[in-house]
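What follows draws every value from the coordinates through simple rules; no lab data is involved. None of these values were measured; they are calculated from a predicted model. Don't worry about glycine lacking a Cβ; one is built from the backbone with ideal geometry, like all the others, and counts go over all protein chains shown.
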Amino acid sequence: MDIRVYKNEQEIGEAAGKIYVDYINANPSCVLGFATGATPVPTYTYMAEQCKAGNVSFKDVKTFNLDEYCDLPKEHKNSFYMFMYDNLFSKVDLKPENIDFLNGNADPEAESERYRKSIEDKGGIDIQLLGIGRNGHIAFNEPADEFSGEAYKIKLTESTIEANSIYFDDIPMPRYAMTMGIGSIMKARKIIFIATGAAKAQAVRDMIKGEVTPKCPASILQTHPDVTVFLDEAAASLLD
Ligand code: F6R
């Protein structure tokens with residue numbers, strides 16, 4: 001793993017965003033896997049600014065996302081699709097037909113197969129962006145007895161519900177989500193991983209220094225050949 005520590009999330013946003021901008025300029029029809037949550041927002045902001053300034057175009061880029069809530073309309077303000085729309089999709093020149101998203105309201109098995117095939121048909125994901133949950137989850141792969149494979153429907157843990165329910169002020173937070181599995185994430189050619197804040201420090205330590213175990217799903221990244229880890233000082237505070 002290539003581990004880089006920065007002063008704050010703004011610096012990470014620029015550094016990680018620049019990797020995307022350079023990659024897209026060199027590979028204009030690349031396939032990108034995105035993540036939601038607070039952590040990648042500065043990275044999306046940087047990409048959007050660069051696109052607005054004419055320094056990069058997303059017109060031939062294809063995108064996938066890690067996960068989506070079940071039992072929530074796609075247009076609800078807290079869907080992950082709307083998060084991506086607000087933070088990136090509406091601010092760059094991505095074509096709507098090049099955006100693919102897990103449908104949390106479809107039959108889980110059929111949707112898993114559709115998504116797997118769609119990723120495969122587009123040549124696989126070139127760069128997958130990841131954050132981490134306080135319990136070591138990546139995408140919504142919660143601590144478990146074994147590593148998952150392709151996309152599937154998962155019951156969210158109390159830790160994740162507690163972390164994300166702050167965004168739900170009108171309806172209760174959904175209890176289930178469709179998520180890309182560990183197997184699908186590990187197929188990405190390159191992974192950009194970002195964690196910020198002291199609340200992630202223990203999970204980051206377990207991921208980098210701990211045993212590779214499904215009890216800390218992010219620990220599987222130790223076995224991926226191309227992972228760049230962006231941390232702020234607080235998230236890196238438990239590393240030697
Ligand atoms: C979201 C996702 C999650 C988040 C994680 C951290 O698509 O896959 O694994 O990356 O829950 O969320 P934040 O960034 O809000 O702390």
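If R₀ is 41 angstrom, what is the calculated FRET efficiency for the pair K7 and A106, using the beta carbon separation as r and rounding to 0.05?
Values: r = 42 Å, r/R0 = 1.04.
The formula returns an efficiency of 0.45 here.
Under 5 Å between amide H atoms, partner at least 5 residues away or on a different chain: which partners does I3 have, H built in plane at 1.01 Å?
Amide H to amide H, under 5 Å and 5 or more residues apart or across chains, I3 pairs with V229.
Which whole-number percentage describes the relative contact order of the chain, with Cα contacts under 8 Å and a sequence gap of 6 or more?
25
With the Cα gyration tensor of the chain giving a ≥ b ≥ c as the square roots of its eigenvalues, does the rule (a/c under 1.5 for rounded; else a/b larger than b/c for prolate; else oblate) give rounded, prolate or oblate?
Here the chain falls in the rounded category.
Which is the longest part of the chain that has none of the GluC sites (Glu not before Pro) sitting in a DSSP loop with at most 14 other Cβ atoms within 10 Å? Can you show the working numbers first?
On the way: sites that count: E75, E146, E211, E233.
Answer - 1-74.
Listing H224, H137, H76 from the residue with the fewest other Cβ atoms within 10 Å to the one with the most, what is the order?
Details: H224 17, H137 25, H76 14.
Starting with the residue having the fewest Cβ neighbours, the order is H76, H224, H137.
On a full-extension model of 0.36 nm per residue, what is the gain between D86 and E113, subtracting their alpha-carbon distance, rounded to one decimal in nm?
This chain segment gains 7.0 nm when fully extended.
Determine the sum of side-chain charges near F64: Lys and Arg each +1, Asp and Glu each -1, restricted to other residues whose C-beta is under 9 angstrom from that of F64.
Every neighbour counted, the sum reads +1.
Working out 0.36 nm times the residue gap between R134 and F168, then minus their Cα-Cα distance, what length gain in nm do you get to one decimal?
Fully extending the segment from R134 to F168 adds 10.3 nm.
Determine the sum of side-chain charges near P174: Lys and Arg each +1, Asp and Glu each -1, restricted to other residues whose C-beta is under 15 angstrom from that of P174.
Local net charge: -4.
Just subtract the alpha-carbon distance of E75 and S29 from 0.36 nm times their residue separation and send over the number in nm, one decimal.
On the way: separation 46, 0.36 × 46 = 16.56 nm, distance 2.72 nm.
My answer for the length gained is 13.8 nm.
Got a sec? How would K190, K59 order by Cβ neighbour count within 10 Å, fewest to most?
Going from sparsest to densest Cβ surroundings: K59, K190.
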